[in-house]
Amino acid sequence: MSKVVVITSGKGGVGKTTTAASIAIGLAKQGHKTAVIDFDVGLRNLDLIMGVERRVVYDFVNVINGEATLKQALIRDKRADGLFILPASQTRDKESLTKEGVESVIEELKSEGFEFIVCDSPAGIEKGAYMAMYFADEAIVVTNPEVSSVRDSDRVLGLLQSKTRKAEQGDVVKEHLLIARYSPVRVDEGDMLSLEDILDILAIPMIGAIPESGSVLQASNRGIPVILDDKSQAGQAYSDVVARFLGETVPHRFLEVEKKGFLQRLFA
Amino acid sequence: MGLLSYFKKQKQNSALAAKERLQILIAHERNAHHPHAPDYLPNLKSELMSVIRKYIEVSEADVNVQYEEGHQCDVLELNIILPEKQD
């Protein structure tokens, strides 16, 4: 059984690609054959976040147009066995993604034995985002604790419930909320929406919260998805998300303000 | 109350303000984007507004028309926030 998972958000810059990269690596590291597809035609970035930007030869649109085979376009990840990356085209526009084309690529991946097909959605609610979510079985909606991000996520949830193949068949896309850039200190000070606030408003189950962390930027600088940085809180939080996605029960971490030690209090 | 706690209180208001604003906005938008909401909803609302205004001074924001789909039946909910009593 293969599962198609869309990483979406509506708003840009909230951490979709970071999340897609880390979750794809995490799933593959757990022994699941995984493909991650960049749907952001014209503004591809998954290749850069995953550090494979110099290995791109063919892309998603080439495969759809029959200019390359899927095998030629897939980039094999060297860090996680069984992980393949399908980059977006940098030169075409989003209209190149046709429903039939996307479906044929997804079906071919399924027949090749991929267990998870992770679709990294572009921002917005235009064609690219629509194509990324259309064939999804499950959705991870990435939200930041900030008003515009929460509003856009709600809009995207509405689309998941109406504009997907599952919805058209009277079925539902399983939704997960992932809160990124969470800062317990700022929540404690009262100037950031808390997890409870966001869950109250969006009313879908939370798969995890990623703490605001400098290691995310360091990871993207180096092209090494942050989940591989197992010393960072963000990396560990992503590992927890992957475990929960695979059905394990894992307690949430890093969501409370860290208690200051005696010395820290002395010098505060 | 010291100066510090004054600032703290200001900050506490910002997350609360965010939540309240979002709740109002999202309830409104969910209504508008409801996939099966009947087409007559906007007209119904504006006609209701004019009837209500004959009797009560209310603003657009004080009247909320919600459409919800149930299993057995659909629910049309009308919520009017009355102005505060003036002594």
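Taking one quarter of the surface of the convex hull spanned by the alpha-carbon atoms of the stretch A:58-213 gives a direction-averaged projected area of 10.7 nm². Between amide H atoms placed 1.01 Å from N, distances below 5 Å from A:Val172 occur with no residue 5 or more places distant or on a separate chain. Across the stretch A:149-228, Cα-Cα pairs farther apart than 20 Å form 48% of the total. Seen from all directions on average, the stretch A:42-92 presents a Cα convex hull projection of 3.4 nm². Neighbouring Cβ atoms from other chains, within 10 Å of the Cβ of residues in B:16-27, number 5 on average. For the stretch A:1-129, report the translational diffusion coefficient in µm²/s to the nearest whole number, using Stokes-Einstein at 4 °C, 1.567 mPa s, and a Kirkwood Rh over Cα pairs. Translational D for this selection: 91 µm²/s. Nearest 10 degrees is fine. How inclined is helix A:147-160 to the longest principal axis of chain A, computing both from alpha carbons? On a 0 to 90 degree scale, this one is about 40. Peptides A:181-193, A:35-47, A:90-102, A:142-154, ordered by how many other C-beta atoms sit within 10 Å of their residues on average, highest first, read A:35-47, A:142-154, A:181-193, A:90-102. Taking the helices alone, chain A has a mean residue ellipticity at 222 nm of -11000 deg cm²/dmol, built from -39,500 (n - 2.57) per DSSP H run of at least 4 residues and averaged over all its residues. Translational diffusion coefficient of the stretch B:40-82 (Stokes-Einstein, Kirkwood radius from Cα pairs, 37 °C, 0.692 mPa s): 294 µm²/s. Using R0 = 25 Å, the C-beta based FRET efficiency linking A:Val185 and B:Glu29 works out to 0.20. Phi angles across the stretch A:117-131 convert, under the Karplus curve 6.51 cos²θ - 1.76 cosθ + 1.60 with θ = phi - 60°, into 3J(HN,Hα) values of 10, 9, 9, 8, 7, x, 5, x, 10, 8, 3, x, 5, 5, 5 Hz, Gly and Pro given as x.
Size check on the stretch A:160-203: the Cα extents along the three principal axes, sorted descending, read 46, 17, 12 Å. Computed from backbone phi with θ = phi - 60° and the Karplus coefficients 6.51, -1.76 and 1.60, the 3J(HN,Hα) list for the stretch A:96-113 is 5, 7, 9, 4, 5, x, 4, 4, 5, 5, 5, 5, 5, 4, 4, 6, 7, x Hz; x is used for glycine and proline. Separation of the alpha carbons by more than 19 angstrom is noted, of A:Lys3/A:Lys29; A:Lys94/A:Lys163; A:Lys33/A:Lys71; A:Lys33/A:Lys94; A:Lys29/A:Lys174, for A:Lys33/A:Lys94; A:Lys29/A:Lys174. The A:Val57 and A:Lys110 beta-carbon pair, evaluated with R₀ = 22 Å, returns a calculated FRET efficiency of approximately 0.40. The Cα atoms of the protein assembly as shown define a convex hull whose projected area, averaged across directions, is 24.2 nm². Scalar couplings 3J(HN,Hα) for the stretch B:16-21, obtained by applying the Karplus form with A = 6.51, B = -1.76, C = 1.60 to θ = phi - 60°, are 5, 4, 4, 5, 5, 4 Hz; x denotes Gly and Pro.
Computed from the coordinates by the stated procedures, all read-outs in this text should not be read as laboratory data. All of these numbers come straight from a predicted model, not from anything done at the bench. Note: ideal-geometry Cβ built from the backbone for every residue, glycine included; neighbour counts use all protein chains shown.
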